[in-house]
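Step one of this worksheet: look at the structure below.
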Amino acid sequence: MLTDNTIQGLKRKVTDYWKADSDSKGRANNLYLRVRSSGAKTWHVRRLKDGVLLNKRIGQWPTMSLKAARQMTLSVLTGSITDDSSLKAVADEWFEQRIATRYKRPKQVRLYLDRIAPTLLAKPIHEIDRLSVTRFLQGYARDRGPVAANRLLAIMQQLFRYAHKAGYVPDSAIAPLSRSEIGGEEKARERVL
């Protein structure tokens, strides 16, 4: 059974090697940690199905914690996460199913979705972490202003809630983010009539 201390103590070797995780009773749970010769540590779900080895990379340690890797393994093995759908693919699906048919002005939401960084859009949605989204949105706030950043945060939170409910991710990585971390509080304008 892997623990955080065990993982921290794993040293790199000349060649890559694997460490298997298990449950508290010592039974294999199909979660493996691959320690690369470079020292990088990546989480994989491995299992033999119909004579074929499934080897799916699900994240990198320490970005993905041991607890999160175990939850992701369960999701992969139960079929709730079956592919490496990119953020863009899930965003397009969400837009077509939830936004285009229900909003009066869906083009506004599409404009915000198109402004998400290409590096985030290309990543599998289950590999996107809170820190990378926070850094992107803080940069967006500097470039476009706090109001625009807060709107994009709200749209991305809706998107990640959909991804969670649809089974693309075990939980919404950006749910805890609020305006105070991204664009700050918005100030009302004074209007003269």
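The values are calculated or read from the model by the stated rules, or taken from the named source; none is laboratory data. Predicted, not measured: the structure shown is a model, and the values here were computed from it. Ideal geometry is used to build each Cβ from the backbone, glycine not excepted, and the neighbour counts take in all protein chains shown. These accessible areas exclude ligands, DNA and RNA; they are computed on the full protein's heavy atoms, side chains included. Shrake-Rupley method; radii C 1.70, N 1.55, O 1.52, S 1.80 Å.
What size of dipole, in debye to the nearest 20, comes out for the chain about its Cα centre when the only charges are +1 on Lys and Arg C-beta atoms and -1 on Asp and Glu C-beta atoms?
I would put it at about 120 debye.
From zero up to wherever the largest Cα-Cα distance of region 26-72 sits, split into 10 Å bins and tell me the percent of pairs in each.
Pair shares across the bins are 27, 51, 21, 1.
Report the extension gain between R161 and V52 in nm, rounded to one decimal, defined as 0.36 nm multiplied by the number of residues separating them, less their alpha carbon distance.
Additional length available on full extension: 35.9 nm.
Place the peptides 178-189, 36-47 in order of packing, highest mean first, counting for every residue the other Cβ atoms within 10 Å and averaging per peptide. Kindly include the intermediate steps, with their values, before the conclusion.
Details: 178-189: 12.2, 36-47: 15.8.
Going by the mean number of other Cβ atoms within 10 Å, highest first, we get 36-47, 178-189.
Excluding E186 itself, calculate the net charge of residues whose Cβ lies under 12 Å from the Cβ of E186, where each Lys or Arg counts +1 and each Asp or Glu counts -1. Present the calculation step by step, with values, prior to reporting the outcome.
Numbers: positive: R151, R179, K187, R189; negative: E185.
Spelling it out: positives minus negatives among the neighbours equals +3.
For region 1-114, would you read off the P(r) tail past 21 Å as a percentage of all alpha carbon pairs?
That tail contains 51 percent of the Cα-Cα pairs.
Per residue, how much accessible area does the chain show when a 1.4 Å probe rolls over the protein heavy atoms, in square angstrom?
Per residue, the chain has 61 Å² of solvent-accessible surface.
Counting only Cα atoms, I'd like the Rg/Rh figure for the chain, Kirkwood definition for Rh.
Result for the chain is an Rg/Rh of 1.06.
Could you list which residues have their amide H under 5 Å from that of G59, counting only those 5 or more apart in sequence or on another chain, with H placed in the peptide plane?
So G59 has HN proximity to W43.
What number, rounded to the nearest 500 deg cm²/dmol, is the helix-based mean residue ellipticity at 222 nm of the chain, given -39500 (n - 2.57) per DSSP H run of at least four residues and division by all its residues?
Dividing the helical sum by the residues of the chain leaves -12000 deg cm²/dmol.
Between S38 and S180, what is 0.36 nm times their sequence separation minus the Cα-Cα distance? Round to one decimal in nm.
Numbers: separation 142, 0.36 × 142 = 51.12 nm, distance 3.79 nm.
Gain on stretching S38 to S180: 47.3 nm.
Around A20, what is the net charge, scoring Lys/Arg as +1 and Asp/Glu as -1 over all other residues with Cβ under 13 Å from its Cβ?
Surrounding charge for A20 is +4.
Across region 51-60, in residue order, what do the Karplus-derived ³J(HN,Hα) couplings come to in whole Hz, using 6.51 cos²θ - 1.76 cosθ + 1.60 with θ = phi - 60° and x for Gly and Pro?
Result, rounded to whole Hz: x, 10, 7, 8, 10, 10, 6, 10, x, 10.
Multiply the residue gap between A148 and S65 by 0.36 nm, knock off their C-alpha separation, and tell me the result in nm, one decimal place.
The span from A148 to S65 would gain 26.7 nm if fully extended.
Give a residue-ordered list of calculated ³J(HN,Hα) values for region 104-113 (Karplus: 6.51 cos²θ - 1.76 cosθ + 1.60, θ = phi - 60°; whole Hz; x for Gly, Pro).
Result, rounded to whole Hz: 5, 10, x, 4, 4, 5, 4, 4, 5, 4.
Taking a ≥ b ≥ c as the square roots of the eigenvalues of the Cα gyration tensor of region 4-53, is the shape rounded (a/c under 1.5), prolate (a/b larger than b/c) or oblate?
The shape class here is oblate.
Put +1 on the Cβ of every Lys and Arg and -1 on every Asp and Glu Cβ in the chain; which of G184, Q97, L131 then has its Cα farthest towards the positive end of the dipole?
The residue sitting farthest along the positive end of the dipole is G184.
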